[in-house]
Amino acid sequence: MNKVNIIKVNDYQEMSEKASQYIIDKVKANPKMVLGLATGGTPEGTYKRLIEDHDQNGTSYDGVATFNLDEYVGLSGDHPQSYRHYMNERFFNHIDINKENTYVPRGNTVDAEAECEAYEALMASVGGIDLQILGIGGNGHIGFNEPGTSFQSPTHIVDLAQSTKEANARYFANIDEVPNQAITMGIASIMKSREILLLISGENKHEAYKQLIEGEIQENFPASILRNHPYVTIIADKAAIGE
Ligand code: GLP
C-alpha cells in the first residue's frame, strides 16, 4: 500500500485555503497543466479563493485545460443545476481560462454512451490529467462512482444511489427533480491521473474518512482504491477526522 499524504486542517476555510494554494503552485509550475475538477459543496470555497488569487495576483489559466468528473444525464449546460453551469458560475466565468479548453461531459446528448467514449478519448488526447481534485460522498463515492462500481471502469453512465440523490436534493426544488442517472469518469479514469488531491470536510464525512483510512480496499467503498494510487494528498479538517 502506498503512503497517503494527509494534511490536517482546522476547518472548511483552512481546507479551502490550503487546497487553493496547492493548485496555484501547480498551475504556476506548469501553466499548461490539465486539471481534473469536482463539483459539490466541498470545493466551492477552493474555487472562491482561486478567483480571489486570480484577481489579486494574476495567476493565469490561459494555458490550462480542465476536465470535470461528472454531469447529470438529461441536463443541458445552461440548466442551473447542471455541473457545467456550476463550473461556469463558480469558477470559469471569473478567470482567464479559454472556455473551449474546459470539458464537462454533455448531459443532454442523444447518445450518452458515445459521449462517455468521446470523453475518455478526449482525456487521452491531451495526455491525461495532471492533477485531479476530488470530493467524497458519504458512501465513499468519487465522481458519481457509487459503491459496487468496478475499479476497472472507464467513463460510464451510472444510476445514482438513493442516498446520493437525497444528498444532492438540496440543490433542486425537490428530490424528484434530481436526475436518476449521471455520466461520470470511471474509477480507472480517475486512477490514471498523475496526481490526486482529495478534500474532506465536516462531521458528516467522518465515517467516510475513517473507512477510507482504515477500511479494506474494496469496490463497495470506491474511494478506498485511492490508497493504491502513487501520488495522493488528502486535505481533511478536524470534524472529518473526528478530532
Ligand atoms: C457529488 C459529486 C461528487 C462530490 C460528492 C460530495 O454527488 N458527484 O463529485 O465529490 O457528491 O459532494 P459534497 O462536496 O457536496 O459533499
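crowded, with 19+ Cβ neighbours inside 10 Å and either over 16 Å from Leu197 (Cβ atoms) or in contact (Cβ under 8 Å) with a residue 40 or more places away in the chain (or both): does that describe Val4?
Values: crowded, with 19+ Cβ neighbours inside 10 Å: no; either over 16 Å from Leu197 (Cβ atoms) or in contact (Cβ under 8 Å) with a residue 40 or more places away in the chain (or both): yes.
Judged against the criteria, Val4 is not a match.
What are the residues in segment 188-220 that are under 17 Å from Ser150 (Cα atoms) and of a type in the set (Asp, Glu), if any?
Glu216, Glu219
Here's a check for you: in segment 95-116, which residue that is under 19 Å from the mean Cα position of the chain (by Cα) and over 30 Å from Asp53 (Cα atoms) is surrounded by the most Cβ atoms within 10 Å (Cβ to Cβ)?
The extreme case among them is Gly107.
What residue, of Tyr231, Tyr209, Tyr171, is hydroxyl-bearing (Ser, Thr, Tyr), out of contact with any Pro (no Cβ under 6 Å at 6 or more places or on another chain) and buried (at least 21 other Cβ atoms within 10 Å of the Cβ)?
Unique residue meeting the criteria: Tyr209.
Go through segment 92-109 residue by residue and tally those that are in a loop (DSSP other than H, G, I, E, B) and more than 25 Å from Tyr171 (Cα to Cα).
From segment 92-109, those in a loop (DSSP other than H, G, I, E, B) are 95-98, 104-109; that's our starting set.
Narrowing further to those that are more than 25 Å from Tyr171 (Cα to Cα): 96-98.
Qualifying residue count for the region: 3.
So, in segment 124-142, of the ones that are in a strand (DSSP E or B) and more than 10 Å from the ligand (Cβ to nearest atom), which residue ends up farthest from Val158 (Cα to Cα)? Let's see the steps before the verdict.
The first filter runs over segment 124-142 and keeps only residues in a strand (DSSP E or B), leaving 131-134, 142.
Filter once more, so that each one left must be more than 10 Å from the ligand (Cβ to nearest atom): 131-132.
On the way: Leu131: 24, Gln132: 20 Å.
If we take residues in segment 124-142 being in a strand (DSSP E or B) and more than 10 Å from the ligand (Cβ to nearest atom), then Leu131 is farthest from Val158 (Cα to Cα).
Pick from Glu44, Glu52: which is surrounded by fewer than 18 Cβ atoms within 10 Å (Cβ to Cβ), in contact (Cβ under 8 Å) with a residue 40 or more places away in the chain and of a type in the set (Asp, Glu)? Full working, then the answer.
Working: Glu52 fails: in contact (Cβ under 8 Å) with a residue 40 or more places away in the chain.
Exactly one residue qualifies, and that residue is Glu44.
Out of the residues in segment 55-70 meeting the condition of being among the β-branched types (Val, Ile, Thr) and closer than 18 Å to Ile129 by Cα, tell me which one is surrounded by the most Cβ atoms within 10 Å (Cβ to Cβ). Spell out how you get there, then give the answer.
Taking segment 55-70 first, the residues among the β-branched types (Val, Ile, Thr) are 59, 64, 66.
Those still in the list that are closer than 18 Å to Ile129 by Cα too: 64, 66.
Values: Val64: 23, Thr66: 21.
Across segment 55-70, the extreme among qualifying residues is Val64.
Which helices (runs of 4 or more DSSP H) sit wholly inside segment 179-243 and have at least 3 residues that are under 18 Å from the mean Cα position of the chain (by Cα)? Steps first, answer last, please.
Values: elements: 187-192, 206-214, 238-241.
Fully inside segment 179-243 and qualifying: 187-192, 206-214.
Whether any residue in segment 162-176 is over 25 Å from Ala118 (Cβ atoms), away from the ligand (no atom under 14 Å from the Cβ), modelled with pLDDT under 95 and not in a helix (DSSP H, G or I) is what I want to check.
yes
Residues in segment 119-137 that are surrounded by fewer than 17 Cβ atoms within 10 Å (Cβ to Cβ) and not β-branched (Val, Ile, Thr): how many? Lay out the reasoning, then the answer.
Of all residues in segment 119-137, those surrounded by fewer than 17 Cβ atoms within 10 Å (Cβ to Cβ) come to 121-122, 124-128.
This time we only want the ones that are not β-branched (Val, Ile, Thr), so: 121-122, 124-125, 127-128.
The total comes to 6.
Testing Lys48 on (1) more than 14 Å from the chain's Cα centre (by Cα); (2) over 28 Å from Gln162 (Cβ atoms); (3) away from the ligand (no atom under 15 Å from the Cβ); (4) not aromatic (Phe, Trp, Tyr), one condition comes back false. Which one is that?
Tallying (1) more than 14 Å from the chain's Cα centre (by Cα); (2) over 28 Å from Gln162 (Cβ atoms); (3) away from the ligand (no atom under 15 Å from the Cβ); (4) not aromatic (Phe, Trp, Tyr), Lys48 fails exactly one: (3).
The values are calculated or read from the model by the stated rules, or taken from the named source; none is laboratory data. These numbers come from a predicted model, not from an experiment. Note: ideal-geometry Cβ built from the backbone for every residue, glycine included; neighbour counts use all protein chains shown.
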